[in-house]
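The values are calculated or read from the model by the stated rules, or taken from the named source; none is laboratory data. None of the values given here were measured: they were computed from a predicted structure. SASA here: full protein model, heavy atoms, side chains in, ligands and nucleic acids out. Shrake-Rupley method; radii C 1.70, N 1.55, O 1.52, S 1.80 Å.
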Amino acid sequence: MAQRNISKKRKFVADGVFFAELNELFTRELAEDGYAGVEVRHTVVRTEIIIRATRTQNVLGEKGRRIRELTALVQTRFGFTAGSVELYAEKVAYRGLCAIAQAESLRYKLLGGLPVRRACY
């Protein structure tokens, strides 16, 4: 595949739009699994996407099925060739220090009907 020359501005805007769409996709798909963010690393051979979550086993799924489904979804949605994108799941080290994870946890506790004063503990 030939590399086209694009301006620095267009590249940064394209990377930002890609990151925003990827973040939105994972926020909707993995909200119940403690999704806390995403990191994208571009290398020459492949693009590595690291999903940060509090419950990584739910992100991986049974025998790695869900992570493969997410990989296929990302490949089709963003037009990657097969094998050029890799998804990894990383556990959030300190859940209490991650604002996104805390907000999602509180959200699901309140939606579950837990009283407000008990939900924060």
* Asked: Which value, in Å² rounded to 10, gives the accessible area of L111 with a 1.4 Å probe and all protein chains present?
  -> 130 Å²
* From the phi of every residue in region 80-97, what ³J(HN,Hα) in whole Hz does the Karplus formula 6.51 cos²θ - 1.76 cosθ + 1.60 yield, where θ is phi - 60° and glycine or proline is x? -> 7, 7, 4, x, 9, 10, 10, 10, 10, 10, 10, 7, 5, 5, 10, 4, x, 9
* To do: Skip the ligands, DNA and RNA, and give the accessible area per residue of the chain with a 1.4 Å probe, whole Å².
  => 74 Å²
* Ignoring any ligand, DNA or RNA, what whole percent of the accessible area of the chain comes from carbon and sulfur when the probe is 1.4 angstrom? -> 55 percent
* Structure fact -> Rounded to whole angstroms and listed largest first, the alpha-carbon spread of the chain along its three principal axes comes to 58, 36, 23
* May I ask for the angle, rounded to the nearest 10°, between helix 8-29 and the longest principal axis of the chain, with both axes built from Cα atoms and the value confined to 0 to 90°? => 40 degrees
* Return a whole-number percent for the relative contact order of the chain, with Cα pairs under 8 Å and 6 or more residues apart as the contact set. => 23 percent
* Those lysines that a straight Cα-Cα span of less than 23 Å connects to K63, excepting residues fewer than 8 apart in one chain -> K91
* Asked: Given a cut-off of under 8 Å on Cα pairs at least six residues apart, what relative contact order in percent is computed for region 1-66?
  -> 22 percent
* Asked: If you line up the long axis of helix 99-111 against the longest principal axis of the chain, both from Cα atoms, how many degrees apart are they, to the nearest 10?
  -> 50 degrees
* Leaving ligands, DNA and RNA out of it, rank F19, F12 by accessible area with a 1.4 Å probe, largest first. => F12, F19
* Structure fact -> Expressed as a percent, the portion of alpha-carbon pairs in region 38-95 spaced more than 15 Å apart is 49 percent
